[in-house]
Number of protein chains: 2
Amino acid sequence: MNQTPLRILVVDDEPSLVDAVATSLRYEGFEVTEATTGRAALVAAQELDPALVVLDVMLPDLDGFEIAKRLRADGITTPILFLTARDTLEDKAEGFAAGADDYLTKPFSLAELVMRVRAILRRAGNADNASTVLRFADLELDVDAHELRRAGAVIELTATEFSVLKYFMTNPGRVLSKAQILENVWHYDFDGDSNICETYISYLRKKLNEHGAPLIHTVRLVGYVLREQT
Amino acid sequence: MNQTPLRILVVDDEPSLVDAVATSLRYEGFEVTEATTGRAALVAAQELDPALVVLDVMLPDLDGFEIAKRLRADGITTPILFLTARDTLEDKAEGFAAGADDYLTKPFSLAELVMRVRAILRRAGNADNASTVLRFADLELDVDAHELRRAGAVIELTATEFSVLKYFMTNPGRVLSKAQILENVWHYDFDGDSNICETYISYLRKKLNEHGAPLIHTVRLVGYVLREQT
DNA sequence: GCAGCGCCTCAGGTCACGCTCAGCTGGCCC
DNA sequence: GGGCCAGCTGAGCGTGACCTGAGGCGCTGC
């Protein structure tokens, strides 16, 4: 049903392995992009929007788990298949917690990799239609149109407000610490003593509460959470 | 957030294995149906419409692959996780060809099975965002949402209360000394003569006992323990 | 240059929370 | 029974986390 070939991003610091995997997948009819560093992988995943990422855990710069977490935090739900020599349970737990769809330990057979890739894509093809509209309660955040509606009414947001709310809506019902918010929205490494985060929470609340009950709640000493009622 | 529990069908001809798997999954909050024959599995899958099927390949009457094919032929797209001792490539190929979503070879760890089950469900869209929920008796402590429920009712906790209860719930049925609690929650090196620990135990008891029988018990001169009954 | 807008800082006010304290209870031993 | 000690808990206090209105600064469009 899908005419254009599906793009797969393969990331590993070992060029020969990347080549072997890429060749196998190309032979199966996929379009493959290769990357050998974590940063390159992050950029490629964001810009090319591949249908699947085959991701080695051990990379020179950024940990594979870290890459997965960042992608998920940015609302990118592309399936991820981890590839690693570490096969302890803790490693697998960390991988799945980071949002993995499958986890394959080296050494593995290329045939099995291909089968698992197909299985994931088959499932992904049925399920997600990559709607760019995030929904929570009576909120609708259209990421592409950069537009927010609550109960049908359009609410104007500035760029920063939008970014903060998007982070909340990709993590509904979950308490987000100020440090997490600062990192995700402002890319602060360390949390200074700025209250910028509180300020934008305040802005958002003011706008959201005009059209309904409060949705962003403070969890004192912990962070904030998007949730209905309490 | 957490609607009705997701139903999982577990099929294996070895009752002890089915029990072990079912217990693990129930502990994680799933509703589990067990089957020990292929025909029973087919009927259960069609009638109960589970969110996922954990399926052994070797069954007395019907082959697991055969079951998968029949389900797919009937238009049932329920995700399937195969469980088998056969780990040759041909077996895996047959499994994936039959429509498997994952393939786990015995012996496997129950923890890994649970992780893979969660990964599949998350992808299928049924996921409860893999929120880490600690359970004990009728208590549910959602660490991500920073929320406590007892018998369904939400109980508000402050940050410190939450931290103390979390320590108890990660060590259920174990007596924890005041020194341990102080160290874990307050990061005190030495136990001073503060009664802060008792104070928070008191707070917790008051809140928990509003919704059920006492769960935190004093063990004189030793510490406290989270347990049902006496 | 000016107006408008958005991002961010600052500072004052409030109040929830963490913690202390002190009086009370209940079990245990003499 | 009386005294002692461990633990329980209600009251209260100080702190600092959080909220928000005001304003400065820089950018953009006219």
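The values are calculated or read from the model by the stated rules, or taken from the named source; none is laboratory data. No experiment lies behind these values; they were computed from the predicted model shown. All Cβ positions, glycine included, derive from the backbone under ideal geometry; neighbour counts span all protein chains shown. In case anyone asks, the SASA skips ligands and DNA or RNA and just uses the protein heavy atoms, side chains included. Shrake-Rupley method; radii C 1.70, N 1.55, O 1.52, S 1.80 Å.
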Next on the checklist: With the cut-off at 1.5 for a/c, could you classify the protein assembly as shown from its C-alpha gyration tensor as rounded, prolate or oblate?
Outcome noted: oblate
Checklist entry - Between A:D12, A:D102, A:D61, which gets the highest mean-square fluctuation from a Gaussian network model of chain A, Cα cutoff 10 Å? => result A:D61
Checklist outcome for this item: Largest fluctuation, B:L176, B:L165, B:L89 only, Gaussian network model of chain B with Cα springs under 10 angstrom, belongs to B:L89
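State the Kirkwood hydrodynamic radius of chain A in Å, one decimal place, computed from all pairs of distinct Cα atoms. The partial results should precede the final answer.
Numbers: mean 1/r = 0.0516 Å⁻¹.
So the Kirkwood estimate lands at 19.4 Å.
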Checklist entry - Using 1/(1 + (r/R0)^6) with R0 = 22 angstrom and r between the beta carbons of A:S202 and A:E156, what's the FRET efficiency to the nearest 0.05? => result 0.85
Item to check | Rounded to the nearest 10 Å², the accessible area of B:T218 at probe 1.4 Å | outcome: 80 Å²
Checklist entry - Over its Cα atoms, what ratio of radius of gyration to 2.2 N^0.38 Å does region A:65-124 give? => result 1.12
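How large is the helix-only mean residue ellipticity at 222 nm for the protein assembly as shown, computed as the sum of -39500 (n - 2.57) over DSSP H runs with n ≥ 4, divided by its residue count, in deg cm²/dmol to the nearest 500?
Numbers: 16 runs with 179 residues, N = 460.
After summing the helix terms and dividing by residue count, I get -12000 deg cm²/dmol.
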Checklist entry - Given a 1.4 Å probe and every protein chain left where it sits, what share in percent of the accessible area of chain A is carbon and sulfur? => result 49 percent
Checklist outcome for this item: Under a Gaussian network model of chain A whose springs join Cα atoms within less than 10 Å, the largest fluctuation of A:A98, A:A151, A:A73 belongs to A:A151
Checklist entry - Using alpha carbon centroids, what distance separates region B:55-109 and region A:49-127, in Å? => result 22 Å
Item to check | Whole-Hz ³J(HN,Hα) from phi, Karplus 6.51 cos²θ - 1.76 cosθ + 1.60, for region A:215-227, glycine and proline x | outcome: 10, 9, 10, 7, 10, 3, 6, 10, x, 10, 9, 8, 7
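Which is the longest part of chain B that has none of the GluC sites (Glu not before Pro) sitting in a DSSP loop with at most 11 other Cβ atoms within 10 Å?
On the way: sites that count: B:E156, B:E210.
Longest run free of exposed loop sites: B:1-155.
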Next on the checklist: I'd like the accessible area for A:T158, computed on protein heavy atoms only with a 1.4 Å probe and all protein chains in place. Round to 10 Å², please.
Outcome noted: 60 Å²
Checklist entry - With the Cα gyration tensor of region A:7-123 giving a ≥ b ≥ c as the square roots of its eigenvalues, does the rule (a/c under 1.5 for rounded; else a/b larger than b/c for prolate; else oblate) give rounded, prolate or oblate? => result rounded
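Compute for chains B and A the buried accessible surface, both sides summed, probe 1.4 Å, and express it in Å² to the nearest 100. Don't jump to the answer; show the numbers that get you there.
Values: alone 12440 and 12720 Å², together 22560 Å².
Answer for the B-A pair: about 2600 Å² buried.
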Item to check | Isotropically averaged projected area of region B:99-230, using the convex hull of Cα atoms (one quarter of hull area), nm² | outcome: 10.9 nm²
Next on the checklist: How large is the accessible surface of A:M58 in square angstrom, using a 1.4 angstrom probe and rounding to the nearest 10?
Outcome noted: 100 Å²
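Give me the percent of Cα-Cα pairs in region A:157-226 that sit more than 17 Å apart, rounded to a whole number.
Numbers: 872 of 2415 pairs.
Here the tail beyond 17 Å accounts for 36 percent of pairs.
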Checklist entry - Which of the trypsin sites (Lys or Arg not before Pro) found in region B:68-97 are in a DSSP loop and have at most 15 neighbouring Cβ atoms, other than their own, within 10 Å? => result B:R86
Checklist outcome for this item: Note on chain A: contact order normalised by length, alpha-carbon pairs under 8 Å, 6 or more apart, percent, works out to 12 percent
Checklist outcome for this item: Note on region A:188-223: residues buried by at least 30 Å² of accessible area once partner chains are added (vs chain on its own, 1.4 Å probe) come out as A:V222
